[in-house]
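Structure first, commentary second.
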Amino acid sequence: MTPIAWIFISLVVLPLAYLVWALATTDRKAAIAVHANLTQGFMQDGGTSIQRPPAFLELSRRLTPTGYEAKLDRWLSLAGRPASLPLERLVIGKPLLALAGAILALLIYAKSPSPQVIALGFFLTAFLYFVPDLLIYNKGIKRQKQIEQELPNTLDQMLISVEAGLGFEAAMARAGDYGGGPLAQELMHTLQDIQVGRPRQEAYEAMAQRSSVQDLRSFVRAVVQADKYGIGIARVLRSQAKQARVKRRQRAEEMAMKLPVKVLFPLLFCIFPVLFMVLLGPAAIKIVEAFL
């Protein structure tokens, strides 16, 4: 066999050997003893038990670089933590997808060995490993744009509710009930945190941390300062809503100014050549026939 074939075989065999070795060398006795002690304590208190994470999840976390799991958790927070893709499933699925890509590349190389197949194998392995990150990151960006677009209208609704006599939390609940977007979900999440006993300031700051929209963070800071210094919440909502509307209009004007530049390249490379062919094509054919 060629050295390249041995390299591909090692790309599949070595990760599998490491998985087997890590599972075999896990200190199962200590883990079982700790699990039994914890289970016994909780069974005595309330009759509940603690389930230990699966061994493959612990192994996947070992394979994940330091700090990368926290970055994935941050991206999931920006994406709204979809129920179909929790952090544990994501951590487990990424190495499995990369391993599947390596096996597929090895099978392709066994049928038609070539340097192009080697490059395809490395690309396929890396792509399958990072494709969940791309999907979550893209979903998070779209969700934050929706929050940014919904913020001015939501602040107006809250301002109307506060001026009508409702409290700030009641206004948040009303805006969350009548809204169906991601911002309404964040408001309801914040109210649920307050209802379970979390301090208001921490709940508001947690809502700001779950988003990357600067306008929402500015609104949270203003609300926290108003609650701290006793400033009227109606005046804060009025100024924040006005500022959010101005920024939304400025973003729309900016996008409108960028539109001619974005249309320029498709116009030059896609529309103008076809237009020239339709207009000048018959004349060019007549000229060629005249000279021939």
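The values are calculated or read from the model by the stated rules, or taken from the named source; none is laboratory data. None of the values given here were measured: they were computed from a predicted structure. We place every Cβ from the backbone using ideal geometry, glycine too, and count neighbours over all the protein chains shown.
The table that follows gives values for the structure above.
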| read-out | value |
| --- | --- |
| Pairs with Cβ under 6 Å, 6+ apart, first in the stretch 139-158 and aromatic (Phe, Trp, Tyr), second at pLDDT 95 or above | none |
| Extreme residue, surrounded by the most Cβ atoms within 10 Å (Cβ to Cβ), among residues of the stretch 242-263 that are more than 21 Å from ALA222 (Cα to Cα) and of a type in the set (D, E, K, R) | ARG251 |
| Answer from LEU166, LEU151, LEU159 - the residue that is of a type in the set (A, V, I, L, M, F, W, C), assigned by TED's automatic domain parsing to the domain that holds ALA241 and not in a helix (DSSP H, G or I) | LEU166 |
| From SER84, SER77, residue being among the polar types (S, T, N, Q) and either farther than 30 Å from VAL213 by Cα or not in a helix (DSSP H, G or I) (or both) | SER84 |
| Within the stretch 138-167, tally of residues that are more than 20 Å from ARG245 (Cα to Cα) and surrounded by 15 or more Cβ atoms within 10 Å (Cβ to Cβ) | 3 |
| Count of the stretch 120-139 residues which are farther than 11 Å from LEU99 by Cα and either polar (S, T, N, Q) or outside the structural domain of LEU99 (by TED's automatic domain parsing) (or both) | 1 |
